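Engineer: Can you read through this structure? Questions will come right after.
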Amino acid sequence: MGLELLFQIFELCIIPLLAVLTGYLVQWIKAKTAEATEKNQKDVFDKYITMLGETVAKCVSATNQTYVDALKKAGSFDAEAQQYAFDMTLSAVMGVLGQDAIEYLTAIYGDLHTYLTTLIEAEVKAQKE
């Protein structure tokens with residue numbers, strides 16, 4: 001009779017309790033997976049945003065050193081030369097970023113060209129000050 005009582009207790013208490021615990025375990029695993037995914041997405045976002053900012057700053061600086069400064073000294077930095085300097089900088093930024101970064105940033109910002117234009121212009125102004 002003692003063994004039968006143990007089986008009845010097991011069937012009535014332990015099995016339903018295991019089902020409830022399993023449900024909580026599944027929810028906990030889903031929550032931890034979502035948390036890890038969110039952290040990973042934030043890390044990727046931070047990586048590409050940092051990369052973008054640093055790349056724009058370096059490319060603007062390089063364009064200034066290799067092209068703009070000489071033309072300004074010669075007094076020939078006109079609108080056409082300004083457009084050329086911008087195109088040179090934009091091309092350098094796109095080349096440094098690489099395809100993965102471009103695809104990711106395009107997914108985030110949509111029109112990456114417009115966003116880069118704004119960043120480059122802001123960086124040019126910041127480096128003038």
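Engineer: Checking the conditions here, which among 81, 107 is touching a Leu at 6+ places or on another chain (Cβ under 7 Å) and in a helix (DSSP H, G or I)?
Structural biologist: On the way: 107 fails: touching a Leu at 6+ places or on another chain (Cβ under 7 Å).
Answer to the check: 81.
Engineer: Could you tell me whether any residue of the range 50-71 is closer than 15 Å to residue 117 by Cα, of a type in the set (A, V, I, L, M) and either assigned to a loop (DSSP other than H, G, I, E, B) or touching a Leu at 6+ places or on another chain (Cβ under 8 Å) (or both)?
Structural biologist: There is at least one residue in the range 50-71 that is closer than 15 Å to residue 117 by Cα, of a type in the set (A, V, I, L, M) and either assigned to a loop (DSSP other than H, G, I, E, B) or touching a Leu at 6+ places or on another chain (Cβ under 8 Å) (or both).
Engineer: Yes or no: residue 86 of a type outside the set (Val, Ile, Thr), under 36 Å from the mean Cα position of the chain (by Cα) and not in a helix (DSSP H, G or I)?
Structural biologist: Values: of a type outside the set (Val, Ile, Thr): yes; under 36 Å from the mean Cα position of the chain (by Cα): yes; not in a helix (DSSP H, G or I): no.
When the stated conditions are applied, residue 86 does not pass them.
Engineer: When the residues of the range 58-83 are filtered to those that are surrounded by 16 or more Cβ atoms within 10 Å (Cβ to Cβ) and within 30 Å of the chain's Cα centre (by Cα), which remaining residue is modelled with the lowest pLDDT?
Structural biologist: Of the residues in the range 58-83, the ones surrounded by 16 or more Cβ atoms within 10 Å (Cβ to Cβ) are 59-60, 63-64, 67-68, 77.
Filter once more, keeping what is within 30 Å of the chain's Cα centre (by Cα): 59-60, 63-64.
Numbers: 59: 95, 60: 94, 63: 93, 64: 90.
Ranking the qualifying residues of the range 58-83, first place goes to 64.
The values are calculated or read from the model by the stated rules, or taken from the named source; none is laboratory data. Bear in mind the structure is a predicted one, so any value in this text is a computation, not a measurement. We place every Cβ from the backbone using ideal geometry, glycine too, and count neighbours over all the protein chains shown.
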